[in-house]
Amino acid sequence: MAGSVKRPERTGPADLFYNEAEARKYTQNSRIIEIQSQMSERAVELLCLPEDQPCYLLDVGCGSGLSGDYISEEGHHWVGIDISTAMLDVALEREVEGDLILGDMGQGIPFRPGTFDGCISISALQWLCNADKKIHNPPRRIFHFFSTLYSSLARGARAVLQLYPENAEQVELITAQAMRAGFNGGMVVDYPNSTKAKKFFLCLFAGVSGVLPKGLGEEVVEQGSKHQATFTNERMRFKNMRGKSAKKSRDWILEKKERRRRQGKEVRADTKYTGRKRRVHF
């Protein structure tokens, strides 16, 4: 059923956030694509999924399917839910590999208990803090989202939700409602002392207590009596640290091609030129 959209009845506007032009911008702007891909990769890393085992994941606020593309590259299966018809239409045109559902996460996650092995969300959760209609109650909508998400996850699964909070009050509201719904965990902040690179990830554990991962850029060195945060010039890739192949390397390309062969897709034969770095032409 990959690439289909289930369209439930809607009582609100046809599209609350994006028109068709805005939706297409998210698949044509290389900078947006790069940022989305990096945050998706980080979110999946924080899920700490088992090695060499395909999992069934939920992508909340999936949009045009950019985060789903990374999930598919890692060999997992996924279902995406989004409130924007325009974004989902673009995802259909792109022929993403996941299933797509039109829905408002503030109205709950419509899946059976224990359906998913994990959940990610990129740049969507903060929208629940807004009251777009008079009937919207942000605390109630946030709690309803988390309580139904908790139910839809297998026990021991994780949910990693990247967000852009406006202030500390929003962080406190979202975290408190997640804990009230039964989750354990907390906020992981990457590069906390950087204005541009700083990213918030709400890392939640369903049914178990886990150790909260450390954010990137939290390495601290002591200089005399002072402590100061240090930053690496290049972002460390956790999957490299876990022994996986570096992205875009020959091994990574061969693994991706083999995965697509197992899925029954037509793939070019491997040659000595596969993954070869090409010279720069002027």
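The residues of segment 118-142 that are over 20 Å from the mean Cα position of the chain (by Cα) and of a type in the set (A, V, I, L, M, F, W, C), listed by number, are Ala131, Ile135. So is Ser152 touching a residue at least 40 places away in the same chain (Cβ under 8 Å) and surrounded by 20 or more Cβ atoms within 10 Å (Cβ to Cβ) or not? Yes; evaluated as a whole, the condition is true for this residue. Among the residues of segment 181-197, those identified as within 14 Å of Ala157 (Cβ to Cβ) and surrounded by fewer than 18 Cβ atoms within 10 Å (Cβ to Cβ) are Gly182, Asn184.
Scanning segment 44-64 for residues that are more than 10 Å from Gly80 (Cα to Cα), open to solvent by less than 20 Å² (accessible area, probe 1.4 Å) and not in a loop (DSSP other than H, G, I, E, B) returns Val44, Glu45, Leu46, Leu47. A search for C-beta distances below 7 Å between a residue of segment 181-210 that is over 24 Å from Arg31 (Cα atoms) and aromatic (Phe, Trp, Tyr) and any residue that is open to solvent by less than 30 Å² (accessible area, probe 1.4 Å) and not in a loop (DSSP other than H, G, I, E, B), counting only pairs 6+ apart in sequence or on different chains, returns Phe183/Phe146; Phe183/Leu204; Phe183/Phe205. In segment 119-149, the qualifying residues are those that are small (Gly, Ala, Ser) and without any contact (Cβ under 8 Å) to a residue 40 or more places away in the chain, and the one that is most open to solvent (accessible area, probe 1.4 Å) is Ala131. Out of the residues in segment 198-210 that are of a type outside the set (Ser, Thr, Tyr) and modelled with pLDDT under 90, state the one that is farthest from Ala154 (Cα to Cα). For segment 198-210, the residue satisfying everything is Gly210. Give me a count of the residues in segment 83-117 that are open to solvent by 20 Å² or more (accessible area, probe 1.4 Å), over 18 Å from Leu66 (Cβ atoms) and within 18 Å of the chain's Cα centre (by Cα). Residues in segment 83-117 being open to solvent by 20 Å² or more (accessible area, probe 1.4 Å), over 18 Å from Leu66 (Cβ atoms) and within 18 Å of the chain's Cα centre (by Cα): 3 in total.
Just one of (1) surrounded by fewer than 22 Cβ atoms within 10 Å (Cβ to Cβ); (2) among the hydroxyl-bearing types (Ser, Thr, Tyr); (3) without any contact (Cβ under 8 Å) to a residue 60 or more places away in the chain fails for Ser67. It is (1).
The values are calculated or read from the model by the stated rules, or taken from the named source; none is laboratory data. Predicted, not measured: the structure shown is a model, and the values here were computed from it. Ideal geometry is used to build each Cβ from the backbone, glycine not excepted, and the neighbour counts take in all protein chains shown. Ligands, DNA and RNA are stripped out before the accessible areas are found, and what is left, the full protein with its side chains, is counted by its heavy atoms. Shrake-Rupley method; radii C 1.70, N 1.55, O 1.52, S 1.80 Å.
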